[in-house]
1. Starting from residues that are open to solvent by 80 Å² or more (accessible area, probe 1.4 Å) and at pLDDT 70 or above, keep the ones in segment 111-127 and report whichever is farthest from Gln43 (Cα to Cα).
2. Here are Phe98, Phe108: which of them is out of contact with any Phe, Trp or Tyr (no Cβ under 9 Å at 6 or more places or on another chain), more than 13 Å from Cys41 (Cβ to Cβ), surrounded by 15 or more Cβ atoms within 10 Å (Cβ to Cβ) and at pLDDT below 85?
3. Among the residues of segment 59-76, is there at least one that is without any contact (Cβ under 8 Å) to a residue 40 or more places away in the chain, within 19 Å of the chain's Cα centre (by Cα), under 17 Å from Phe139 (Cα atoms) and open to solvent by 90 Å² or more (accessible area, probe 1.4 Å)?
4. With the condition kept exactly as written, say whether any residue in segment 42-61 is over 24 Å from Leu156 (Cα atoms) and at pLDDT 95 or above.
5. Could you please let me know if Leu155 is touching a residue at least 24 places away in the same chain (Cβ under 8 Å), among the hydrophobic types (A, V, I, L, M, F, W, C) and open to solvent by less than 20 Å² (accessible area, probe 1.4 Å)?
6. For segment 158-180: of the residues being among the hydrophobic types (A, V, I, L, M, F, W, C) and surrounded by fewer than 18 Cβ atoms within 10 Å (Cβ to Cβ), which is farthest from the chain's Cα centre (by Cα)?
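The values are calculated or read from the model by the stated rules, or taken from the named source; none is laboratory data. Since the structure is predicted, the reported quantities are computational estimates derived from the model, not experimental observations. In this analysis, Cβ positions are derived from the backbone assuming ideal geometry, glycine residues included, and neighbour counts consider all displayed protein chains. Note: areas computed on protein heavy atoms with side chains; ligands, DNA, RNA excluded. Shrake-Rupley method; radii C 1.70, N 1.55, O 1.52, S 1.80 Å.
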Amino acid sequence: MAKIRPINQKIDELIRLAKASNHKAQLALYDKYSNKMLGVCRQYIKNLQFAEDVMITAFHKAFVNINKYEPYGSFEGWLRRIMVRESISYLRIQKNQFNVVEIEDYHFIQQPARTTLNDQLDVIQNAIDTLPIGCKTVFNLYVIEGYKHYEIADLLTISIGTSKSQLAHARKLLQNQLANLNSESNGTE
């Protein structure tokens, strides 16, 4: 009779082997999580190639520090935090700061009307991509990652008030852009 193994047991075994510097186990973990983690990096970094570079760097850091992983939380969550922090580090290097962005720096990209769910998700992602970098980063951390304003402030070395105002500004810009796209697709403009 075949032995039934819990799903997490395989992941736990891969993590154990990866901690012992087993490259096949590291590759298996990379293969399992790379698509999701690229999505995480892509939320912060518009250019796909740069997002891939950041993801690979973050995986490298994860494997170098895998002995620090404690099995009290999910491995995927631990990886996700590394991806977010590495994406923010990349953005810091690119912009050198997360100051409040002026409205004049924002440019809308007009999109044609879309019909399928995937196309609608692409429109939303494109709208998020056009946000000023500070707004986009705070929006992703708060709305998608679930960070609190005090955590965002600490992570980005900004004030809590700046975090809140960046989020409000991001929401307003997204609402306006999506409303404009909706009115275009309905032929009311």
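1. Gln120
2. On the way: Phe108 fails: surrounded by 15 or more Cβ atoms within 10 Å (Cβ to Cβ).
That would be Phe98, the only listed residue that is out of contact with any Phe, Trp or Tyr (no Cβ under 9 Å at 6 or more places or on another chain), more than 13 Å from Cys41 (Cβ to Cβ), surrounded by 15 or more Cβ atoms within 10 Å (Cβ to Cβ) and at pLDDT below 85.
3. no
4. Residues of segment 42-61 that are over 24 Å from Leu156 (Cα atoms), as a first pass: none.
No, the conditions are met nowhere in segment 42-61.
5. Numbers: touching a residue at least 24 places away in the same chain (Cβ under 8 Å): yes; among the hydrophobic types (A, V, I, L, M, F, W, C): yes; open to solvent by less than 20 Å² (accessible area, probe 1.4 Å): no.
Answer is no for this residue.
6. Within segment 158-180, the subset among the hydrophobic types (A, V, I, L, M, F, W, C) is 158, 160, 167-168, 170, 173-174, 178-179.
Pick out the ones that are also surrounded by fewer than 18 Cβ atoms within 10 Å (Cβ to Cβ) and you get 160, 168, 178-179.
On the way: Ile160: 20, Ala168: 19, Leu178: 21, Ala179: 24 Å.
Restricting to residues being among the hydrophobic types (A, V, I, L, M, F, W, C) and surrounded by fewer than 18 Cβ atoms within 10 Å (Cβ to Cβ), the top hit is Ala179.
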